[in-house]
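Novice: My questions will all concern the structure given below.
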Protein chains: 2
Amino acid sequence: MPAAKYVGLDVGGTTMKAAVVDDAGAASKAVALDTNPERGQDAGLNTMCATIELAVKTAGLTMADVAAIGVATPGLMDIRAGLILDPPNLAPWKNVPVREHIQKAFHKPTAYQNDANAAAVGEKWVGAARGARSMVMFTLGTGVGGAVVIGDTVIEGEHSHGGELGHLRIDMPDRGRRCGCGALGCLEAYASATAVVERAREALAGWRGHTELKQYQTVFDQKQFNAEVIFTLAEKGDECAKKVVDDTAYYLALGVCSAIAAVDPEVVVIGGGMAKSKAFLAKVDEYVRRFGLPYPTLTDRYAKQLGRSDLPAPVKVVFAQLGETAGYIGAAGCARKLANGAT
Amino acid sequence: MPAAKYVGLDVGGTTMKAAVVDDAGAASKAVALDTNPERGQDAGLNTMCATIELAVKTAGLTMADVAAIGVATPGLMDIRAGLILDPPNLAPWKNVPVREHIQKAFHKPTAYQNDANAAAVGEKWVGAARGARSMVMFTLGTGVGGAVVIGDTVIEGEHSHGGELGHLRIDMPDRGRRCGCGALGCLEAYASATAVVERAREALAGWRGHTELKQYQTVFDQKQFNAEVIFTLAEKGDECAKKVVDDTAYYLALGVCSAIAAVDPEVVVIGGGMAKSKAFLAKVDEYVRRFGLPYPTLTDRYAKQLGRSDLPAPVKVVFAQLGETAGYIGAAGCARKLANGAT
């Protein structure tokens with residue numbers, strides 16, 4: 001009997017990506033098809049099936065080789081019921097029975113998961129949190145995504161909103177920045193790529209020294225005034241950009257501290273396009289140790305105080321490793337767990 | 001064969017309480033012995049054994065009737081290793097092998113848990129969160145204790161600091177109140193009984209109208225200027241006390257919102273001596289709905305938007321029901337889980 005294979009499908013607002021993943025977490029060449037949500041959800045379900053079929057074909061396999069399928073979609077969703085509810089970036093889709101449709105189309109056990117949760121499962125399986133008992137993940141993108149995984153259990157939540165770490169509160173409502181969710185003071189309103197750009201504009205308005213950010217704001221297309229540019233300029237030593245990036249690390253660290261207080265994980269994984277600078281990661285780590293509970297962060301000092309050498313290592317703050325592949329690899333990981341008998 | 005019985009022991013800084021609990025969560029008459037931590041940890045371990053024996057005897061049973069024992073202690077601790085490390089209110093104890101000692105003394109399977117976690121297990125078993133899939137608990141006392149329980153799993157954390165919800169951050173470090181942990185802006189620095197008294201003193205200093213709090217501050221023993229008095233006066237309509245209590249509800253709700261963002265529980269349980277006023281609970285609930293993620297809190301409106309009647313109910317915010325019995329009932333619950341084969 002050949003080793004089991006799983007298909008992971010990651011449905012996004014722009015494209016759907018899929019690959020076949022083996023029992024060790026190695027993925028075949030990924031395929032992608034346009035999502036075109038505006039064509040409606042029946043077309044969307046057909047595209048999901050087509051992407052899965054294309055991934056299997058591209059891997060040189062047939063559906064008979066596939067033990068189970070995993071599908072990840074952006075929220076809002078009902079994970080337990082296997083439904084997409086009404087995610088803003090998949091409008092006008094509403095109440096889409098994803099898991100049932102895929103399961104019936106291919107007659108395979110089908111797992112369904114939130115895309116941020118799936119990415120965390122992927123990172124825990126074969127990425128930055130490989131071998132960790134527990135992890136939380138923050139993904140800095142247009143928003144701030146999150147996930148909490150304890151042992152083999154994704155904390156899905158009762159309303160499929162477990163691990164919504166972008167909505168950890170870091171400031172009081174009476175003075176906090178406004179978040180897309182409507183509240184004031186959520187982490188996402190400070191540390192998303194969108195928020196980084198907003199804060200950079202504010203920093204520029206009051207900046208007296210030289211900064212290359214100025215030309216991005218005035219000369220180029222506004223699209224070029226983005227988080228990546230700000231992070232790149234910070235790495236090159238631009239003082240204004242450095243201030244914005246340092247503040248981002250500070251805000252993110254406050255969210256990380258609350259996640260540590262809630263679940264005390266072994267590893268904190270930071271993902272997303274803009275977060276690739278080692279200096280940024282080091283700053284997050286420094287702030288977590290400064291503002292977090294002392295024991296999960298400073299175990300070394302504590303071990304010395306108590307004369308123990310067997311205490312668990314301090315919490316690690318690391319970058320994600322799988323990039324955009326995390327979603328479909330994690331979706332396949334969920335399929336694997338389902339096929340192996342977990343609920 | 002008679003139904004299984006479990007002993008739950010709750011070790012506090014002042015007393016140790018124990019009772020025998022049956023398979024349905026009903027507890028026999030509780031017994032208590034003085035902890036006297038200053039007499040040292042060997043004496044402490046002996047007192048633990050004596051309290052367990054006394055509970056069994058008081059219940060009219062013998063140790064042969066007991067299937068397993070559960071012990072709850074305050075942190076700091078190493079839950080996995082079964083050790084008390086060096087909790088401030090058990091000084092000078094250090095590296096105390098609680099689980100091993102009790103297990104060897106009675107030759108019974110012995111569970112070991114943090115006291116706040118045990119209280120949550122008790123509330124989930126036979127108290128305020130009975131029947132819930134998942135819950136978080138905040139206990140307002142000298143500090144703010146917390147716990148997260150998902151299904152049957154207590155989120156213990158990698159450093160035994162899971163569910164340290166008093167250290168969820170609710171304000172920025174540059175302007176937050178100082179917490180006992182050293183950080184600025186932790187929930188505990190706003191919503192513990194100690195913090196309530198501090199904030200009441202501050203409110204009084206600037207209060208121009210009438211308030212009965214003034215006489216508590218000036219005439220009586222300072223010990224009478226406590227959180228219970230402040231909550232009682234608030235219920236009687238004292239405007240200054242009402243402001244302090246309302247602010248407490250606001251701060252607590254911000255912590256609850258972050259806990260909801262992290263794990264999206266079915267029920268949020270609020271425990272502790274001062275939190276018994278329905279008006280206070282209603283305020284917490286109101287603020288959670290105002291400042292929290294809309295979907296876990298306002299599912300009804302969302303269900304209408306989507307035309308669904310099968311979505312899970314909004315998160316419930318309720319008072320604890322077991323009071324001081326929660327610790328030993330929960331410890332017995334942990335013993336029961338252990339005896340039934342869970343890890």
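The values are calculated or read from the model by the stated rules, or taken from the named source; none is laboratory data. Being a predicted model, the structure only gives us computed values, none of them experimental. No Cβ is skipped: glycine too gets one built from the backbone with ideal geometry, and neighbour counts run over all protein chains shown. Note: areas computed on protein heavy atoms with side chains; ligands, DNA, RNA excluded. Shrake-Rupley method; radii C 1.70, N 1.55, O 1.52, S 1.80 Å.
Novice: Determine the pairs where a residue that is farther than 18 Å from B:LEU168 by Cβ, located within segment A:287-302, has a partner that is part of a loop (DSSP other than H, G, I, E, B) and at pLDDT 90 or above with Cβ atoms under 7 Å apart, the partner being 6 or more residues away or on another chain.
Specialist: Pairs that qualify, where the first residue is farther than 18 Å from B:LEU168 by Cβ and the partner is part of a loop (DSSP other than H, G, I, E, B) and at pLDDT 90 or above, are A:LEU298/A:PRO314; A:THR299/A:PRO314; A:THR299/B:HIS159; A:ASP300/A:PRO314.
Novice: Given B:GLU100, B:GLU123, which one is open to solvent by 30 Å² or more (accessible area, probe 1.4 Å), closer than 18 Å to B:ARG336 by Cα and among the acidic types (Asp, Glu)? Steps first, answer last, please.
Specialist: On the way: B:GLU123 fails: open to solvent by 30 Å² or more (accessible area, probe 1.4 Å).
Step by step, each of B:GLU100, B:GLU123 is checked, and only B:GLU100 is open to solvent by 30 Å² or more (accessible area, probe 1.4 Å), closer than 18 Å to B:ARG336 by Cα and among the acidic types (Asp, Glu).
Novice: Which residues, taken from segment B:186-196, are more than 9 Å from chain A (Cβ to nearest Cβ) and either touching a helix residue (DSSP H, G or I) at 6+ places or on another chain (Cβ under 6 Å) or within 28 Å of B:TYR112 (Cα to Cα) (or both)? Don't jump to the end; show me each part of the working.
Specialist: Of all residues in segment B:186-196, those more than 9 Å from chain A (Cβ to nearest Cβ) come to B:188-196.
B:GLU188, B:ALA189, B:TYR190, B:ALA191, B:SER192, B:ALA193, B:ALA195, B:VAL196 - these are the residues of segment B:186-196 that are more than 9 Å from chain A (Cβ to nearest Cβ) and either touching a helix residue (DSSP H, G or I) at 6+ places or on another chain (Cβ under 6 Å) or within 28 Å of B:TYR112 (Cα to Cα) (or both).
Novice: Name the single residue that is most open to solvent (accessible area, probe 1.4 Å) among those in segment B:37-53 being without any contact (Cβ under 8 Å) to a residue 40 or more places away in the chain and either out of contact with any Leu (no Cβ under 7 Å at 6 or more places or on another chain) or not hydrophobic (A, V, I, L, M, F, W, C) (or both).
Specialist: Of the residues in segment B:37-53, the ones without any contact (Cβ under 8 Å) to a residue 40 or more places away in the chain are B:39, B:42-43, B:46-47, B:50, B:53.
Pick out the ones that are also either out of contact with any Leu (no Cβ under 7 Å at 6 or more places or on another chain) or not hydrophobic (A, V, I, L, M, F, W, C) (or both) and you get B:39, B:42-43, B:46-47, B:53.
Working: B:ARG39: 169, B:ASP42: 114, B:ALA43: 37, B:ASN46: 98, B:THR47: 28, B:GLU53: 98 Å².
The extreme case among them is B:ARG39.
Novice: Within segment B:274-329, take every residue that is more than 12 Å from every other protein chain (Cβ to nearest Cβ) and in a strand (DSSP E or B) and give me the one that is surrounded by the most Cβ atoms within 10 Å (Cβ to Cβ).
Specialist: B:VAL317
Novice: Residues that are within 12 Å of chain A (Cβ to nearest Cβ), touching a residue at least 40 places away in the same chain (Cβ under 8 Å) and under 30 Å from B:TYR251 (Cα atoms): find the strands (runs of 3 or more DSSP E) completely inside segment B:65-142 holding 1 or more of those. Reasoning before the result, please.
Specialist: Numbers: elements: B:66-73, B:110-114, B:134-140.
Correct list: B:110-114, B:134-140.
Novice: Working only within segment A:1-13, note down all residues that are among the small types (Gly, Ala, Ser) and either surrounded by 19 or more Cβ atoms within 10 Å (Cβ to Cβ) or touching a strand residue (DSSP E or B) at 6+ places or on another chain (Cβ under 9 Å) (or both).
Specialist: Going residue by residue through segment A:1-13, those that are among the small types (Gly, Ala, Ser) are A:3-4, A:8, A:12-13.
Passing the criteria: A:ALA3, A:ALA4, A:GLY8, A:GLY12.
Novice: Let me ask something else about it. From (1) of a type in the set (Ser, Thr, Tyr); (2) open to solvent by less than 40 Å² (accessible area, probe 1.4 Å); (3) under 21 Å from B:GLY157 (Cα atoms); (4) modelled with pLDDT under 95, pick out the condition that doesn't hold for B:SER258.
Specialist: (4)
Novice: Among the residues of segment B:239-254, is there at least one that is touching a His at 6+ places or on another chain (Cβ under 9 Å), in a helix (DSSP H, G or I), surrounded by fewer than 24 Cβ atoms within 10 Å (Cβ to Cβ) and charged (D, E, K, R)? Spell out the reasoning first.
Specialist: Applying the first criterion (touching a His at 6+ places or on another chain (Cβ under 9 Å)) to segment B:239-254 yields B:239-240.
If we keep only those that are in a helix (DSSP H, G or I) as well, we get B:239-240.
Filter once more, keeping what is surrounded by fewer than 24 Cβ atoms within 10 Å (Cβ to Cβ): B:239-240.
Within this subset, residues satisfying the condition of being charged (D, E, K, R) are B:239.
Yes, some residue in segment B:239-254 is touching a His at 6+ places or on another chain (Cβ under 9 Å), in a helix (DSSP H, G or I), surrounded by fewer than 24 Cβ atoms within 10 Å (Cβ to Cβ) and charged (D, E, K, R).
Novice: Turning to a different aspect of this structure: With respect to A:VAL263, is the statement that it is open to solvent by less than 10 Å² (accessible area, probe 1.4 Å) and in contact (Cβ under 8 Å) with a residue 24 or more places away in the chain true?
Specialist: Values: open to solvent by less than 10 Å² (accessible area, probe 1.4 Å): yes; in contact (Cβ under 8 Å) with a residue 24 or more places away in the chain: yes.
It is true that A:VAL263 is open to solvent by less than 10 Å² (accessible area, probe 1.4 Å) and in contact (Cβ under 8 Å) with a residue 24 or more places away in the chain.
Novice: Just the residues that are part of a loop (DSSP other than H, G, I, E, B) and among the charged types (D, E, K, R), please, taken from segment A:196-238. Show your work before the answer.
Specialist: First pass over segment A:196-238, keeping only residues part of a loop (DSSP other than H, G, I, E, B): A:206-212, A:219-221, A:225-226, A:236-238.
Residues satisfying the conditions are A:ARG208, A:GLU212, A:ASP221, A:LYS236, A:ASP238.
Novice: Scan segment A:12-43 for residues that are in a loop (DSSP other than H, G, I, E, B) and of a type in the set (D, E, K, R) and report the count.
Specialist: Kept after step one, since they are in a loop (DSSP other than H, G, I, E, B), are these residues of segment A:12-43: A:12-14, A:23-26, A:28-30, A:35-36, A:40.
The next check asks that each one be of a type in the set (D, E, K, R); those that pass are A:23, A:29.
Residues meeting the conditions: 2.
Novice: Continuing with the same structure: Quick check on my filter: what residues within segment B:200-229 are crowded, with 21+ Cβ neighbours inside 10 Å and either of a type in the set (D, E, K, R) or in contact (Cβ under 8 Å) with a residue 40 or more places away in the chain (or both)?
Specialist: B:ALA200, B:ALA227
Novice: Please verify whether segment B:315-329 includes one or more residues that are more than 24 Å from B:MET16 (Cα to Cα) and at pLDDT below 90.
Specialist: no
Novice: Quick check on segment B:149-185: of everything there that is touching a residue at least 24 places away in the same chain (Cβ under 8 Å), of a type outside the set (Gly, Ala, Ser) and more than 7 Å from chain A (Cβ to nearest Cβ), which residue is nearest to B:GLU123 (Cα to Cα)?
Specialist: Among those residues, the one meeting the criterion is B:VAL149.
Novice: Among the residues of segment B:14-36, which ones are out of contact with any Phe, Trp or Tyr (no Cβ under 6 Å at 6 or more places or on another chain), over 12 Å from B:LEU61 (Cβ atoms) and open to solvent by less than 20 Å² (accessible area, probe 1.4 Å)?
Specialist: B:MET16, B:VAL31, B:THR35
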